[in-house]
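Derivation of every value follows stated rules applied to the coordinates shown; laboratory data play no part. Please read all numbers here as calculations on a predicted model, not as lab measurements. Every residue, glycine among them, receives a Cβ derived from its backbone with ideal geometry; neighbour counts consider all protein chains shown.
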């Protein structure tokens, strides 16, 4: 049984900047536990002769030549920004006073 | 923030053995970013070199830049590394606005190059081998501007502005194994390593590696352990130490700070630290444990890189002579001391002098002009030697004019002045400014006669055998001809006219 704790969910939520309520922590801990359990069953099936796979296609070395392609205009790039200033993306304060 | 009383460097080294780990990031000089075709050209207006991929927009897909991979392999080979047969990219997840994707595409446990070394030469000629753990491919972040705080610091800023032109530019991160046994020379070794790495990167042509432009950046990990101990102490990581001098200073400062904490019974906190150029100190940044939860996993959008052995061997064959080997060869060819060669290197004059010699100058003349007159000019104008508007071919031509007696050093300096001022090729400057050395006897004869007439007492001394006094008359002739006389010929004429054997 892999087991995921409420504390681990809280930690992940913090890393992901998600604000979760107390009941959500319990709820997700339970759900994530089920998901991890399901994924773990793959390990039971995969024997030594099955290598871990991160890509489903048997491809390597997909590369492009070092040739410049058109970029977006600054206006296009910024069109989805919630806020902008001086042709830059404006983001809230990163660090507090302390 | 705690203010630390430092322990003197000597006392620190009497008790402790420093252990270093250096992480250097090199921005590659490719035309495009690592995973998209956006230009990497410097100086573009903000957010004019971005696309859905480097902005992390949904649905966009990265494709690896072949030139980035090739550069990484070249760097690995030059560092005597093994090149991975197969390796993957990984996502390094973190939540910070300098990366719009909220992860940096990097490599985790499968770097493209690993297990190498770089031999560095210290000032006194000693060779110190720095072992390389790995060199891996990743991408640079965007550039933040912090608004509303004091002098652009992130602390106290009300908000920040992001320019993503730099986000996605290829970086190679080169990590050393723990460097032990350097003892009191640790700061010098750190500096020499970064300097040698910079030369190496430049010689490969994969980056200009200009630290002042942020094209090469160094993080210094340092810990101390009691002499004779076999377990490393807790380390600090001083980030963004961005000049050779700063690498040396930061290492030295951290040795003294760690020693102070440890000898007073304290413990070193594993943290990142910021280096301050103004006073050479470091201050606490973030606590490392909290920040290090990167949740790496294989990048699903990029397939593995498996460099064919034939390609790797072809790149190995194309490697240039290593900078240290080349420097030693040139040093012997030029017949200069270790110390002089170091000065030439520091001045950025090695390539220029070599090219000047190739253009026909002898090595003494090439060194003399680049390290003398031209170094002085570059220094005055605050530019790199290579940025002066004079070519090695022009320097060689001026040296040739001096060698064949058409110019003396004084006139040659005026020719340099003309060339640097954009007045044309050396011969044109000589022509336009009328700088030909006068060695024609009839033209000089009058000036010599006048000098003898005006300095009768000196002339008598010379007649009486005091040949050394001729210098004063030569000086008078040089003055009268505004320095354009051939001094050696003037001296001969004076002695001839006074009937004395030289």
Cα-based helix-to-principal-axis angle, B:323-334 vs chain B, degrees rounded to 10: 10 degrees
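Summarise the partner chain shielding of B:160-169 as one whole number: the mean count of Cβ atoms from other chains within 10 Å of each residue's Cβ. Walk me through the numbers before you get to the answer.
Values: counts 9, 9, 6, 5, 4, 3, 0, 0, 0, 0.
Counting other chains' Cβ atoms within 10 Å and averaging over B:160-169 gives 4.
Could you list the square roots of 5 times each eigenvalue of the Cα gyration tensor of segment B:323-433, that is, the equivalent ellipsoid semi-axes, sorted largest first and rounded to whole Å?
Numbers: eigenvalues 116, 48, 23 Å².
Semi-axis lengths for segment B:323-433 are 24, 16, 11 Å.
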What are the semi-axes of the equivalent ellipsoid for segment B:455-500, taken as the square roots of 5 times the Cα gyration tensor eigenvalues, largest first, in whole Å? 18, 11, 7
Calculate, axis by axis, the spread of Cα positions in the protein assembly as shown along the three principal axes, and write the results as whole Å, longest axis first. 114, 59, 54
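Could you work out the mean projected area of the convex hull around the alpha carbons of chain B, in square nanometres to one decimal?
Values: hull surface 127.4 nm².
Here the figure is 31.8 nm², rounded to one decimal.
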Per-residue average of Cβ from other chains inside 10 Å of A:52-64: 6
If you bin every alpha carbon distance in chain A into 5 Å steps from zero, what whole percent lands in each bin? 2, 9, 10, 9, 9, 11, 14, 14, 13, 8, 2, 0
Given C-alpha coordinates of segment A:1-48, what is the ratio Rg to Rh with the Kirkwood estimate of Rh? 1.11
Taking each residue of B:48-61 in turn, how many C-beta atoms of other protein chains fall within 10 Å of its C-beta, and what is the average? 3
Spatial separation of Cα centroids for segment B:283-352 and segment A:1-71, in angstrom: 35 Å
Starting from the Cα of residue B:45, step 7 Å along the direction of its Cβ; do the same at residue B:159; then give the gap between the two resulting points in nm. 2.1 nm
Ranking of B:263, B:176 by count of other Cβ atoms within 10 Å, fewest first: B:263, B:176
Using alpha carbons only, how many degrees (0 to 90, rounded to 10) separate the axis of helix B:470-480 from the longest principal axis of chain B? 80 degrees
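Grab the DSSP H runs of the protein assembly as shown that are 4 residues or longer, score each as -39,500 (n - 2.57), total them, divide by all residues and round the 222 nm result to the nearest 500 deg cm²/dmol.
Details: 21 runs with 231 residues, N = 600.
Rounded to the nearest 500, it is -11500 deg cm²/dmol.
Can you classify segment B:69-125 as rounded, prolate or oblate using the Cα gyration tensor, where a ≥ b ≥ c are the square roots of its eigenvalues, rounded means a/c under 1.5, and otherwise it's prolate if a/b beats b/c and oblate if not?
Numbers: a/c = 3.25, a/b = 1.72, b/c = 1.89.
Oblate, since a/c reaches 1.5 and b/c is not below a/b.
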